[in-house]
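Asks: Here it is, the structure in full.
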Amino acid sequence: MSVPPLIRCLGVRSPYAKAINGVYEYIGAHNGAMCSAEMQRKSVSRCAAATEVELWQVCGRNDAFTDQPKMQFCLVVPSPELIVQAPAMDGTATTCGFRRSGIVQGRVAFRRTGDSDDPGIISLWIFWMPKQCRWLLANVKPGGTGVQSVVARSLPDDGSTWASLWPWEVEAEGWESPTADTIGLEDADAVWVPNRDIQVRLASPGIVIGSAEDWEAPPVIICGFYEPRGMANGRVYYVMVPEDISLETSTGPMCLWFAEDRGQWVVTAPELLGDSSAVLARIASRAWWPWEAHLGSNTSAAALGSAPFATMPPWHGGAALLRGARVNWEVATPEHEFREARNMVVEMDCPYQAQIWAHRDAAHAFVGVYERCGLLASRAYFIQTRASAKDAQRRAGAERLDGEVPRYVLWYGEDTEQWVITEEFRLLDELVVDARCKDSAWMPWQVSTTWEVSDGDRGFVQDIYVRVEEMMSAEMTERPLG
């Protein structure tokens with residue numbers, strides 16, 4: 001059974017224990033309970049459990065423990081896309097994508113890609129029903145006013161498995177479908193039968209394994225483009241495409257997957273998927289996604305600044321603390337040992353540039369070419385080029401362009417589950433945004449809903465002409481829309 005990699009502590013207000021707030025990574029079990037980093041040190045807080053408790057106490061003045069009613073631990077849940085295969089009533093199997101869409105009954109919920117809240121449109125959802133202790137795949141009435149019919153459901157789970165937290169953890173034998181249409185949540189004439197054809201799994205973009213420099217580069221045998229093929233140990237696994245196979249040193253494609261027994265992402269031959277006895281590369285990380293394995297296991301905005309700097313001595317700089325938490329990939333040597341490959345890179349397959357378009361008569365300052373800057377919330381984020389910023393300001397009627405022109409950033413807001421465009425200095429600030437798109441797609445050009453722009457008075461209006469496109473080449477001529 002896979003183990004969640006990260007939990008988050010929040011709500012500690014005591015001045016003596018504010019350093020407890022932050023993100024913790026699973027490192028093992030202690031006395032039969034899950035143990036996370038920073039929890040093994042001298043106790044500053046206590047409780048019988050972690051994520052399932054309601055009342056924590058923290059150590060205060062004179063070593064006395066005081067109640068902290070707002071302190072809690074919660075799982076850091078990814079914001080992925082899902083691939084769902086479910087049967088239609090005629091018996092044929094249909095496959096469609098789902099994207100995260102808020103929290104329902106204390107669990108993350110997913111809605112079919114392209115569905116909206118428009119009146120008269122029925123949308124397909126996956127959500128948790130606490131009274132039934134199961135996941136439902138159901139047709140939901142417009143506006144979320146109720147369930148019209150249940151398409152499939154998982155077997156009841158008493159909370160002893162991770163299937164009670166995430167629908168992709170439900171085993172293949174754990175789904176059942178009705179023999180007739182249900183009336184809301186009522187079975188009516190329907191009889192529930194097991195259905196092995198129903199599958200719910202994580203979707204992921206492809207990845208690229210390479211090297212930033214030739215020095216300490218990984219072996220050619222593992223370098224290339226990998227595409228997602230399925231799931232193993234609660235995470236996506238990837239297989240190298242045939243075009244990138246190195247026939248000089250290999251006879252087949254390589255496979256990147258998460259080895260639960262090691263707590264590592266590993267690269268092996270594909271026939272060794274599930275067998276970590278012989279690996280070609282490895283990294284000690286329980287990250288949800290391999291492109292975050294070397295970055296402290298996640299790039300969630302909630303994790304930024306979570307390092308307990310207040311507990312560090314003055315001579316121990318923050319950069320040194322973050323650098324100490326970083327791990328590098330290791331590759332196997334002919335002597336059956338491992339060497340550190342500091343320049344080995346596992347990246348999400350994503351273009352380095354994007355273009356934001358608008359109507360030719362629009363005066364939006366955020367249009368133009370954007371360059372990829374890094375990762376945030378498991379996704380790439382982009383910053384407007386200086387040349388595009390000046391052009392956009394000029395079209396918007398700016399009087400002076402002598403000094404530094406403000407630039408915009410395109411990034412994914414994890415808390416509000418939407419892509420947003422903000423000024424550069426407002427990165428990570430979701431309270432003031434210039435444009436937004438309520439969609440949790442992996443890439444901003446994959447969104448299926450309409451962009452909204454600020455009306456200047458805390459409101460938003462839809463703008464059907466605003467869109468984001470990927471740029472496969474650094475050169476792209478501008479063209480008007482509308």
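The values are calculated or read from the model by the stated rules, or taken from the named source; none is laboratory data. All of these numbers come straight from a predicted model, not from anything done at the bench. Using ideal geometry, Cβ is built from the backbone for each residue, glycine included, and neighbour counts are taken over all protein chains shown. Remember, those area values only see protein heavy atoms, side chains included, never the ligands or the DNA or RNA. Shrake-Rupley method; radii C 1.70, N 1.55, O 1.52, S 1.80 Å.
Asks: Note the full-extension length gain between Glu271 and Val220 as 0.36 nm times their separation in residues minus their Cα-Cα distance, in nm to one decimal.
Replies: Full-extension gain reported as 16.4 nm.
Asks: For the stretch 151-272, what is the accessible area per residue in Å² when the probe is 1.4 Å? Write down the numbers at each step before the final one.
Replies: Values: 5740 Å² over 122 residues.
I get 47 Å² per residue for this part.
Asks: Above 15 angstrom, tally the Cα pairs of the stretch 166-249 and express them as a % of all pairs, no decimals.
Replies: When every Cα pair of the stretch 166-249 is considered, 71 percent fall beyond 15 Å.
Asks: ³J(HN,Hα) across the stretch 424-433 via Karplus (A = 6.51, B = -1.76, C = 1.60, θ = phi - 60°), whole Hz, x for Gly/Pro?
Replies: Karplus values, whole Hz, x for Gly and Pro: 4, 6, 9, 4, 6, 9, 8, 7, 10, 10.
Asks: Within straight cross-link reach of Lys141, meaning Cα distance under 20 Å, which aspartates and glutamates are found once same-chain residues fewer than 8 apart are removed?
Replies: Within the straight-line limit of under 20 Å, Lys141 reaches these aspartates and glutamates: Asp115, Asp117, Asp118, Asp181, Glu186, Asp187, Asp439.
Asks: Next question, about the same structure. Rounded to the nearest percent, how much of the accessible area of the stretch 81-203 (1.4 Å probe, protein heavy atoms only) is carbon and sulfur? Walk me through the intermediate numbers first.
Replies: Working: 2970 of 5910 Å².
The nonpolar share, carbon plus sulfur, comes to 50 percent.
Asks: To continue, here is another question. Which whole-Hz couplings ³J(HN,Hα) result when phi for each residue of the stretch 434-447 is put into the Karplus expression 6.51 cos²θ - 1.76 cosθ + 1.60, θ = phi - 60°, listed in order with x for Gly and Pro?
Replies: With coefficients 6.51, -1.76 and 1.60, one gets 8, 7, 8, 9, 6, 8, 9, 4, 4, 10, x, 7, 9, 5 Hz.
Asks: Write down, largest first, the equivalent ellipsoid semi-axes of the stretch 81-203 in whole Å, where each equals the square root of 5 times an eigenvalue of the alpha-carbon gyration tensor.
Replies: Numbers: eigenvalues 71, 61, 45 Å².
Square roots of five times the eigenvalues give 19, 17, 15 Å.
Asks: Now for a separate question. Accessible area of the stretch 353-471 with a 1.4 Å probe: how many percent of it is carbon plus sulfur? It would help to have the intermediate numbers written out before the result.
Replies: On the way: 2420 of 5700 Å².
Carbon with sulfur: 42 percent of the solvent-accessible area.
Asks: Can you tell me which aspartates and glutamates have their Cα less than 18 Å from the Cα of Lys390? Leave out same-chain residues fewer than eight positions away.
Replies: Once the sequence-local aspartates and glutamates are set aside, what remains near Lys390 is Asp361, Glu371, Glu399, Asp402, Glu404, Glu423, Glu424, Asp434, Glu475, Glu478.
Asks: While we're here: Test of understanding: what is the full-extension gain from Ala64 to Ala387, defined as 0.36 nm times their sequence separation minus their Cα-Cα distance? Could the numbers behind the result be given before it?
Replies: On the way: separation 323, 0.36 × 323 = 116.28 nm, distance 5.90 nm.
Between Ala64 and Ala387, full extension yields an extra 110.4 nm.
Asks: Out of the stretch 114-199, which GluC sites (Glu not before Pro) are coil in DSSP terms and have no more than 14 other C-beta atoms within 10 Å? List each step's numbers first, then the result.
Replies: Working: sites: Glu169, Glu171, Glu173, Glu176, Glu186; in loops: Glu171.
Hits after loop and neighbour filter: Glu171.
Asks: Taking H as built 1.01 Å from N, whose amide H comes closer than 5 Å to the amide H of Tyr237, not counting residues under 5 places away?
Replies: Close amide H contacts, sequence-distant or interchain: Arg229, Gly230, Met231, Ala232.
Asks: Convex hull over the Cα atoms of the stretch 353-471, averaged projected area in nm²? Could you put the intermediate results ahead of the total?
Replies: Working: hull surface 28.0 nm².
Averaged projected area of the stretch 353-471's Cα convex hull equals 7.0 nm².
Asks: Please give every one of the aspartates and glutamates within straight-line cross-link reach of Lys70, meaning a C-alpha to C-alpha distance under 15 Å, and leave out same-chain neighbours fewer than 8 residues apart.
Replies: Glu52, Glu54
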